[in-house]
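Only one structure is covered here, and it is reproduced in the block below.
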Amino acid sequence: MKYRPALLLEQTADGSMMERAYLTLKRDIIELRRPPGQHFTEPDVAASMGLSKTPVREALARLHRDGLVQPMPRAGYVVSSVTLGDVANLCDMRTLLQGEASALTASLGLDVGRSDRLAELSVDDTYGQLGGPYLNERLVENYEFETIIANGAGNARLTRSIVEVLDEIERVVRLAVTLSPSMPEGRIGERMAIVDAIAARDPHAARAAMQHRTQSARREIIDALTSSHAVTSTPILLPS
């Protein structure tokens, strides 16, 4: 099994039982097999994976630091909820980080092979509806697009920060797509603008193009989430 965001780091996992438990649980949460609000216990997870409690406990502590699970005193864990405020902050962080990565990549330039592949990945009109049966394939290709740019920036710390944000963004995107599966307009043109700016070695244009793309994604995600019955049926109160 490939853990897509980890590919951005251009390194392999350490292979430990803790790492196995961490990555498996993380993908279950991101891919909504463990949806927001689901309750589970450490022994249940250990039994399902055939592991002892120690690596599972360590993995859950790490997921807690990631903000993906919350411990419940003497009652196990619950998958962290998704809130509009947190999603907005997350999307804004994505804009900052990926904008800088695009600018650095444009400054440094890409070799012909990676530049050509980036251009190829910018066009994704072969799968049909975003929320259709090819969502996983589309996400894999999207991560490859992000991979080329993030690693092209030549800054390992920046790349790691992008990985963390994209992990959380994927969970939000999957949730948003279940609510609004239609295809965003203009996505191909936005990606091509990034590709063109990087190919031209223009960091200012590359940053602006990536920021435009991520801000469009922010609006689409927020619009989808606000269509949820859980949001539209929530009472609006006066501030205290």
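The values are calculated or read from the model by the stated rules, or taken from the named source; none is laboratory data. All figures in this text were calculated on a predicted structure; none of them were measured in a lab. Methodologically, a virtual Cβ is constructed for each residue, glycine included, from the backbone with ideal geometry; neighbour enumeration extends over all protein chains shown. Side chains are part of the model used for accessible areas, which takes the heavy atoms of the whole protein and leaves out ligands, DNA and RNA. Shrake-Rupley method; radii C 1.70, N 1.55, O 1.52, S 1.80 Å.
Per the conditions (1) at pLDDT 95 or above; (2) over 30 Å from His204 (Cα atoms); (3) under 15 Å from the mean Cα position of the chain (by Cα), the sole criterion not satisfied by Met93 is (2). Taking segment 67-93 as the range and being open to solvent by less than 30 Å² (accessible area, probe 1.4 Å) and assigned to a strand (DSSP E or B) as the test, the residues that pass are Val69, Gly76, Val79. Could you check segment 40-66 and list, in sequence order, the residues that are open to solvent by 40 Å² or more (accessible area, probe 1.4 Å) and either in contact (Cβ under 8 Å) with a residue 40 or more places away in the chain or in the same structural domain as Val172 (by the TED database) (or both)? Glu58, Arg62, Asp66 - these are the residues of segment 40-66 that are open to solvent by 40 Å² or more (accessible area, probe 1.4 Å) and either in contact (Cβ under 8 Å) with a residue 40 or more places away in the chain or in the same structural domain as Val172 (by the TED database) (or both).
I need every pair where a residue in segment 91-111 that is within 13 Å of Gly154 (Cβ to Cβ) and among the β-branched types (Val, Ile, Thr) has its Cβ under 6 Å from the Cβ of a residue that is open to solvent by less than 40 Å² (accessible area, probe 1.4 Å) and modelled with pLDDT of 95 or more, sequence separation at least 6 or different chains. From residues that are within 13 Å of Gly154 (Cβ to Cβ) and among the β-branched types (Val, Ile, Thr), the pairs are Thr105/Ile149; Thr105/Gly152; Thr105/Ala153; Thr105/Ile198. Leu108 - would you say it is of a type in the set (A, V, I, L, M, F, W, C) and over 17 Å from the mean Cα position of the chain (by Cα)? In short, yes.
Are there helices (runs of 4 or more DSSP H) fully within segment 185-240 with at least 1 residues that are closer than 16 Å to Asn89 by Cα? List them.
Numbers: elements: 187-199, 203-226, 229-232.
By residue number, 203-226.
Out of Ser228, Ser233, which single residue is open to solvent by 30 Å² or more (accessible area, probe 1.4 Å) and free of Cβ contacts under 8 Å to residues at least 60 places away in the same chain? Talk me through it step by step, then tell me what you get.
Numbers: Ser228 fails: open to solvent by 30 Å² or more (accessible area, probe 1.4 Å).
Checking each option against the conditions leaves just Ser233.
Give the residues of segment 181-207 that are without any contact (Cβ under 8 Å) to a residue 12 or more places away in the chain and open to solvent by less than 60 Å² (accessible area, probe 1.4 Å), sorted by residue number. The one that is without any contact (Cβ under 8 Å) to a residue 12 or more places away in the chain and open to solvent by less than 60 Å² (accessible area, probe 1.4 Å): Gly189. Residues in segment 115-173 that are part of a helix (DSSP H, G or I), small (Gly, Ala, Ser) and open to solvent by 20 Å² or more (accessible area, probe 1.4 Å): 4 in all. All of Ala106, Ala88, Ala75 fail the test of being aliphatic (A, V, I, L, M) and over 27 Å from Glu144 (Cβ atoms), apart from Ala75. When restricted to residues that are among the polar types (S, T, N, Q) and either more than 14 Å from Ile198 (Cβ to Cβ) or out of contact with any helix residue (DSSP H, G or I) (no Cβ under 7 Å at 6 or more places or on another chain) (or both), segment 104-159 contains 6.
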